[in-house]
Amino acid sequence: MTPIRVLVVDADALARRALRDLLANVEGLEVCATAGNIVAGVVAVAEHDIDVVLMDARLGCDERLSAIRRIHEARSNARVLILSTSDDHELGLRALRDNAAGFLSKDVHLDALGRIVHSLARGEVVITRAMTATVIAEMRTLGPRRITATRGLSTVG
């Protein structure tokens with residue numbers, strides 16, 4: 001089985017290393033690269049044929065959201081998970097609108113992170129349970145004709 005190729009993008013070197021080390025022990029995952037900023041992250045996506053990107057939300061809203069687009073330009077099927085120190089649902093909605101595959105608070109259980117990356121690679125969307133109500137309310141504002149079935153939705157926490 002081909003491993004899921006992962007990239008960690010976080011301005012905090014300690015956080016990058018912790019995520020890399022944690023995911024290195026998960027079967028079926030290969031952390032191919034880490035990056036301290038979005039520019040290096042976008043380059044790494046193309047260089048390493050990345051499947052899943054874990055991206056820190058603190059990298060700057062406009063840059064981060066445009067980076068999701070640039071990541072998809074570099075590798076159209078790459079899945080981007082935004083990790084935040086807060087449970088900011090508005091930020092999560094913006095990221096999902098910009099085609100992120102998920103939004104989670106960094107207080108996610110560490111032993112669940114490997115399963116989350118596997119879920120993302122299968123095409124599922126991953127959000128916190130607390131954010132589910134916000135997403136549903138947002139979908140309802142779009143009207144019934146705009147709501148389509150999601151292939152998979154995983155909730156955490």
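Yes or no: region 61-68 includes at least one residue that is of a type in the set (Val, Ile, Thr), within 15 Å of the chain's Cα centre (by Cα), under 19 Å from ALA100 (Cα atoms) and not in a helix (DSSP H, G or I). No, because not a single residue in region 61-68 is of a type in the set (Val, Ile, Thr), within 15 Å of the chain's Cα centre (by Cα), under 19 Å from ALA100 (Cα atoms) and not in a helix (DSSP H, G or I).
Does VAL80 satisfy the condition of being surrounded by 14 or more Cβ atoms within 10 Å (Cβ to Cβ) and free of Cβ contacts under 8 Å to residues at least 60 places away in the same chain? Taking the combined requirement at face value, the residue satisfies it. Applying the criterion of being closer than 23 Å to ILE136 by Cα and of a type in the set (Gly, Ala, Ser) to the residues of region 93-120, the residue that is surrounded by the fewest Cβ atoms within 10 Å (Cβ to Cβ) is SER105. Can you tell me which residue is farthest from ALA95 (Cα to Cα) among those in region 27-44 that are modelled with pLDDT under 95 and of a type in the set (Val, Ile, Thr)? That would be VAL43. The set of residues in region 4-14 being under 21 Å from ASP111 (Cβ atoms) and part of a helix (DSSP H, G or I) consists of LEU14 alone.
One line per residue, one yes/no per condition, for (1) assigned to a helix (DSSP H, G or I); (2) at negative phi; (3) crowded, with 17+ Cβ neighbours inside 10 Å; (4) of a type in the set (Asp, Glu):
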position	(1), (2), (3), (4)
ARG16	yes, yes, yes, no
LEU22	yes, yes, no, no
VAL26	no, yes, yes, no
GLU30	no, yes, no, yes
THR34	no, yes, yes, no
GLY41	yes, yes, yes, no
VAL45	yes, yes, yes, no
GLU73	yes, yes, no, yes
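You will find that of LEU120, LEU96, LEU104, the residue that is part of a strand (DSSP E or B), at pLDDT 85 or above, touching a strand residue (DSSP E or B) at 6+ places or on another chain (Cβ under 8 Å) and closer than 19 Å to ILE71 by Cβ is LEU104 and no other.
May I ask you to list the residues in region 1-14 that are of a type outside the set (Asp, Glu) and more than 15 Å from the chain's Cα centre (by Cα)? Those that are of a type outside the set (Asp, Glu) and more than 15 Å from the chain's Cα centre (by Cα): MET1, THR2, PRO3, ALA11, ALA13, LEU14. How about region 68-109: which of its residues are among the β-branched types (Val, Ile, Thr) and farther than 18 Å from ILE38 by Cα? Within region 68-109, VAL108 is the sole residue that qualifies.
The values are calculated or read from the model by the stated rules, or taken from the named source; none is laboratory data. Just so it is clear, the structure is predicted and the values come from calculations on it, not from any experiment. Positions of Cβ are backbone-derived with ideal geometry, glycine not excepted, and every protein chain shown enters the neighbour counts.
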